[in-house]
1. Just to verify a result, which residue in the stretch 290-310, among those that are modelled with pLDDT under 95 and either closer than 15 Å to Ala169 by Cα or of a type in the set (Gly, Ala, Ser) (or both), is nearest to the chain's Cα centre (by Cα)?
2. In this structure, does Ala251 turn out to be assigned by TED's automatic domain parsing to the domain that holds Arg226 and closer than 25 Å to Asp180 by Cα?
3. Quickly run through the stretch 323-348 and pick out the residues that are crowded, with 20+ Cβ neighbours inside 10 Å, of a type outside the set (D, E, K, R) and under 17 Å from the mean Cα position of the chain (by Cα).
4. Considering only residues that are surrounded by fewer than 19 Cβ atoms within 10 Å (Cβ to Cβ) and out of contact with any helix residue (DSSP H, G or I) (no Cβ under 7 Å at 6 or more places or on another chain), which ones fall in the stretch 261-280?
5. State the number of residues belonging to the stretch 214-241 that are modelled with pLDDT of 95 or more, not β-branched (Val, Ile, Thr) and not in a strand (DSSP E or B).
6. Can you report the number of residues in the stretch 285-316 which are assigned to a helix (DSSP H, G or I) and of a type in the set (A, V, I, L, M, F, W, C)?
7. Would you be able to say whether some residue in the stretch 19-39 is surrounded by fewer than 18 Cβ atoms within 10 Å (Cβ to Cβ) and under 23 Å from the mean Cα position of the chain (by Cα)?
Amino acid sequence: MRSPEARRIAILAGGGSLPGEIAASLIERGAHVHILAVAGAGEPIPLPCPQTTVDFGQVGKILRVLRDDALTELLVIGAVKRPDLTAIRLDWGAFQAVPAVLRMIRAGGDDGVLRTVIGFFERRGVRIIGPAEAAPELILPEGPFGRHAASPEQASEIARGLAIIAALAPFDVGQAVVVDKGRVVAIEGAEGTDRMLARVAALRGHGAANSAGVFVKCPKPGQELRIDLPAIGPNTVRGAVAAGLSGIAVAAGHVLAAEREELRALADSEQIFIEGVPADLKRRAPDSSRFAFEPLGRRQPRRQQEADAVKGAQVLTALEALDAGAGGVVVHRAHVLAVEIGEGVAATLERARGLRQWGRRVARRKTGVAVLARARELDEALAMAAAEAGVAGLAVMPGEGSPASEAAIAAANRRGLFVVALKREQGERG
């Protein structure tokens, strides 16, 4: 029999190896573990502990399992597809949680959603724990993880990547970046790390031969680390190799290593480095730049769309200050879906198509805003691409250069999109 003092921990488990690795670590140290497996997220975990399958809408079932098994702590870990909270079938417990669900839908970003989840369970007497507390041996420490280490030149690229992540932190975007010879190659949006690395591979068109560039992953300063701690694994190495990168740098003490032994062996065999580096995770004040709107077409943005346009403009302003070369940003209900770096704005719009924040399915009604760093990018073809991508309108940043063409504005009018020019107002910037 287990000691009555043993910790009693529920693991809300998504896909990937980490839920099983952490559960095994906890069981080995004497904890009573009950796995709540998210339906469709992953394979069954072969461990000798209670396991229950749950859907996102079964809040009542989750609370009942926590109560019946006297579980006092909850760990949320593993990959899941972003649920459409507006389409989930709720059980009675979920109906009781409707106010919290509505707060999630309005949260405007991953951090807001995750804090709502934490508050919901903690108000019911369940302590949320993070993977760093549950299995500290899975956290990458400072220094090389394997035979290879970053060179001084690569250390400079790592520092630039960390600066980009810090600058984007107030906008809840950019947990990972790729930097090559001081140039920002890619910024992770809502698509996740694996798809970002695949995009870099497609843009660069080569593999590990003559590898150059560094992948940098770090929690956003102020990020909720109990539920949203970043992780890398063997697939990250494979993606970095396919993208022709020379190494992976992570924030020491703040990133999980999945399948550690395979991760180390693969990095060594592919001759790329994995290194934990110090990172400043202090929360930054958001940009306070304010913008006025000058309509260029027949339609006007709604209030939420104006807010999305401002957020996109603030992201571009932050990147401009770091000479990151971003060409545009796609924002939907305060959530930054994609940042254009080198692929072209039309490709970014296509990438953002279908990506939505928590609680949003691919909308039939046009939603979201594409904010362009340069008005000259807006031509007829881009207006058509924006319409196909399902955004509600386009905003162009202030600056020198050619204005948006009349033909492009006419094309946007025909497709029911608004077009506005942004003008920065006087005021403090954070």
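1. Result: Ala307.
2. Yes.
3. Within the stretch 323-348, Val329, Val330, Val331, His332, His335, Val336, Leu337, Ala338, Val339, Ile341, Thr348 meet the criteria.
4. Selection gives Glu261, Arg264, Ala265, Asp268, Ser269, Gln271, Pro278.
5. Qualifying residue count, the stretch 214-241: 6.
6. Going through the stretch 285-316 one residue at a time, the tally reaches 6.
7. Yes: the stretch 19-39 contains one or more residues that are surrounded by fewer than 18 Cβ atoms within 10 Å (Cβ to Cβ) and under 23 Å from the mean Cα position of the chain (by Cα).
Matching residues to (1) part of a helix (DSSP H, G or I); (2) farther than 23 Å from Glu259 by Cα; (3) at pLDDT below 90:
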| position | (1), (2), (3) |
| --- | --- |
| Glu21 | yes, no, no |
| Ser25 | yes, no, no |
| Gly60 | yes, yes, yes |
| Leu66 | yes, yes, no |
| Pro83 | no, yes, yes |
| Ile88 | no, yes, yes |
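The values are calculated or read from the model by the stated rules, or taken from the named source; none is laboratory data. The shown structure was predicted, so the numbers you read here are calculated from the model rather than taken from an experiment. Cβ coordinates were reconstructed from backbone atoms using ideal geometry, including for glycine residues, and neighbour counts include every protein chain displayed.
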